[in-house]
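Below is one structure, written out as structure tokens; the observations come after it.
The values are calculated or read from the model by the stated rules, or taken from the named source; none is laboratory data. Keep in mind it's a predicted model, so treat the numbers as computed, not measured. With ideal geometry, Cβ positions are generated from the backbone for all residues, glycine too; neighbour counts draw on all protein chains shown. Note: areas computed on protein heavy atoms with side chains; ligands, DNA, RNA excluded. Shrake-Rupley method; radii C 1.70, N 1.55, O 1.52, S 1.80 Å.
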Amino acid sequence: MMKFARENRLTSWHIGIALTALFIGGAFGPLQKMEHVGINLYPALNNIGIQSYYQGLSLHGVLNALVWTTFFITGFFVFTVSRSWNRELRYPRLNTAALIVMTLGLVSAAVPLLGNKASVLYTFYPPLQADTFFYLGLTLVVVGSWIVGYGLYFTYGAWRKDNPGARTPFIALASLITMVMWQIATLGVAAEILFLIIPWSLGWVEGIDPQLSRTFFWFFGHPLVYFWLLPAYVSWYGMLPKQAGGKLFSEPLARLVFWLFLALSVPVGLHHQFTDPGVPAGWKVLHAVLTFSLFIPSLITAFTVVASLETGARARGGKGLIGWIGKLPWGDPSYAAQNLAMILFVFGGIGGLINASYNVNLAVHNTMWVPGHFHLTLGSAVTLSFFGILYWLLPKLSGRQLWSRKVGLWQAWAWFVGMLLMSNGLHIVGLIFSVPRRSMLGVAPYLQPEWAPFLTEAFIGAMFLAVSGILVYVNVIGTVFFARKLEKPIEMPVAEPLDPTPAPAWLDSWKPWLVGTVALILVAYGPVLFALIRDIASTSPGFKLW
Ligand code: HAS
Ligand code: CU
């Protein structure tokens, strides 16, 4: 069998499922923005079983935020890790089993979602109560993703045995750190689902403690957003400089950033619960401060990635203080999509600073500002980067050229413009008018005429996104089924470090970082969870409000 045939097949399946989920989930986005300007198409969807706005919103959140990301990322890492070591998976059957478990989970969650039995939105906060199969399905997706991780760790062990003392190549290390972070983070949601939600949704216990459930959820929910972001960082640091004809400005800094994300991703989750009455203020302050410390790796990233791209642009003849930017490979859709994603992330990141400020958060919490924020981060920094990655990865996997570079460029720019418009409108209505998120605004009795210009701006943005989304699928289908065969094979782009000296050993050493990570989590979460568990109040029955 050709080398990497199995890995390629696994990655293709992961990504194919991810794209299918995004297609269905994404379709609801424009419908939501239409509803907000008074064009309600949901009654027409009754015929295909979509009963309400909230069912659509649940599909949108679960399929996009949870399924598209998790399946794409696990598939991408199977690829990055094996190529980075130039080594096949140690136990490919284990990774096949992982994919099967994830897929069974997806089906189990999708059936109640499509049947309007799990319209609890993607955060599934109790006491909203979904069908048990929804929760079981999500659990299986998570367990499957753990098994993907085990497959990668075994492969790491085999590589390490053959290469004692060598530095783990950056792309493999960064992918592994992200996977380990995910494994720690998902303990929170596993505890929530297994100990609290499933017994309650099966009727074994009468009530649930919503405060404890939310706290377990956000133990997982914040690192979840970095699980989405870090694969994009793998590409921005490890691949994009090469695509721009340059080198990675500082490999040690790139490694440091991933270790810092491992240590700091979890102990900040309370910044989603600043308004929760059951968590003492002191702990919220601690999490707010730790959240601010997370700006350090993001700002290191901004500096290092831009400096790396600059080495490429200058090597291509770029001159001047900012004139070099024009020499970046803007004509390459894979590059352009990811650079545009970064630019949007600057705004998403600044909004994150505002969210994380304990007192300022009160002005924006539960308003449209928050979807404005996460469409710049999850919807742009991450998703647009993944499209950029697809523009070389799909040709690599299918052995065919990208169907149309031009369509790829149009897609990336339409996404960029669409997200700018949509997120600008959403941020403004949230901040200025406190317009609530997750609401059918078009029929709300409190709808105000002053909101209209901004909701219309968001609607226009969503139309750009709809077109852009269609262009993604045109190119995917065109590439896989209709494009010409590749003339020469494509390899994963790997950026060389500017300074070839190997990174210091402490940046390739798991123990100190893992110990630090666990310690920080115990300090930041131990007492909070201890008190909530000690005082558990399993009093709330389940509610089905749809
Ligand atoms: Fe967030 C809510 C705070 C980042 C996703 N966030 C959410 C929710 C989601 C989400 C989905 O503190 C909603 C959850 C829900 O449903 O309730 N977020 C932050 C902070 C950051 C942050 C401090 N978020 C993300 C990322 C996400 C994401 C990343 C997904 C991938 N977020 C919050 C808070 C809330 C929240 C509160 C709760 C709000 C509430 O009240 O409910 C930081 O990590 C951001 C740091 C990033 C930067 C940007 C660095 C820029 C870079 C690009 C460089 C490129 C350049 C351009 C300069 C500081 C690295 C180069 C150009 C050339 C031409 C070369
Ligand atoms: Cu967060």
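Extension gain, Val407 to Phe530: 0.36 nm times the residue separation minus the Cα-Cα distance gives 38.9 nm.
Could you work out Rg/(2.2 N^0.38 Å) for the stretch 1-166, with Rg from alpha carbons only? Write out the running numbers ahead of the final one.
Numbers: Rg = 18.8 Å, N = 166, 2.2 N^0.38 = 15.3 Å.
The reported ratio for this selection is 1.23.
Cβ-Cβ distance of Val523 and Ile322, R₀ of 45 Å, FRET efficiency by 1/(1 + (r/R0)^6): the value works out to about 0.55.
Using the Cβ-Cβ distance between Ala27 and Thr501 with R0 set to 60 Å, the FRET efficiency works out to roughly 0.75.
So for the stretch 329-490, considering every pair of alpha-carbon atoms, how many percent are separated by more than 30 Å?
Here the tail beyond 30 Å accounts for 27 percent of pairs.
From the residues Met102, Val78, Leu173, which one has its Cα farthest along the dipole of the stretch 29-182 in the positive direction, the dipole being from +1 and -1 charges on Cβ of Lys/Arg and Asp/Glu about the Cα centre? Positive-end residue among those listed: Leu173.
Looking at the stretch 423-546, what % of the alpha carbon pairs are farther apart than 21 Å?
Summing the P(r) of the stretch 423-546 above 21 Å gives 75 percent of all pairs.
Over all Cα atoms in the stretch 41-139, the spread is summed up by Rg and Dmax: 16.6, 53 Å.
Calculated on the Cα set of the stretch 140-211, radius of gyration then Dmax: 17.7, 55 Å. When Rg and the Kirkwood Rh are both derived from Cα coordinates, the Rg/Rh ratio for the stretch 219-290 amounts to 1.15.
When you restrict to C-alpha pairs under 8 Å that are six or more residues apart and normalise by the size of the chain, the relative contact order lands at 18 percent.
Going through the DSSP H helices of the chain, which span 27 Å or more along their own axis at the Cα atoms while scoring at least -0.5 as a mean Kyte-Doolittle hydropathy? Intermediate values should be presented prior to the final figure.
On the way: long enough: 5-36 (47 Å, 0.12); 92-114 (33 Å, 1.53); 132-162 (46 Å, 0.74); 170-191 (32 Å, 1.90); 210-238 (41 Å, 0.47); 295-315 (30 Å, 1.15); 333-356 (33 Å, 1.17); 405-433 (41 Å, 1.03); 452-477 (37 Å, 1.81); 510-534 (33 Å, 1.47).
Helix filter hits for the chain: 5-36, 92-114, 132-162, 170-191, 210-238, 295-315, 333-356, 405-433, 452-477, 510-534.
For a straight C-alpha distance cut-off of 20 angstrom, the aspartates and glutamates reachable from Lys161 (same-chain residues fewer than eight places away being disregarded) are Glu88, Asp508.
Per-residue ellipticity at 222 nm computed for the chain from its helices equals -22000 deg cm²/dmol, with DSSP H segments shorter than 4 residues left out and the rest contributing -39,500 (n - 2.57). Take the Cα of Lys485, step 7 Å along the line toward its Cβ, and report every residue of the stretch 385-409 whose backbone nitrogen sits under 14 Å from that point. What the label zone holds, given the 14 Å backbone N cut-off, is 398-401. For the chain, the Kirkwood estimate of hydrodynamic radius, built from reciprocal distances between every pair of different alpha carbons, is 23.9 Å. For the residue pairs Lys406/Lys488; Lys242/Lys406; Lys247/Lys406; Lys396/Lys511, the C-alpha atoms sit more than 28 angstrom apart in Lys396/Lys511. Taking amide H positions as modeled 1.01 Å from N, with prolines and chain starts lacking one, the residues under 5 Å from Ile208 and 5 or more places away or on another chain are Thr539, Ser540. Scaling against 2.2 N^0.38 Å puts the C-alpha radius of gyration of the stretch 280-319 at 1.95. Against the compact-protein benchmark of 2.2 N^0.38 Å, the Cα-based radius of gyration of the stretch 195-346 scales to 1.39.
Subtract the Cα-Cα distance of Thr275 and Trp330 from 0.36 nm times their separation in residues, and report this length gain in nm to one decimal. Write down the numbers at each step before the final one.
Details: separation 55, 0.36 × 55 = 19.80 nm, distance 4.34 nm.
Residue separation times 0.36 nm, minus the Cα-Cα distance, leaves 15.5 nm.
Once the 1.4 Å probe is applied to the protein heavy atoms, the chain comes out at 39 Å² accessible per residue.
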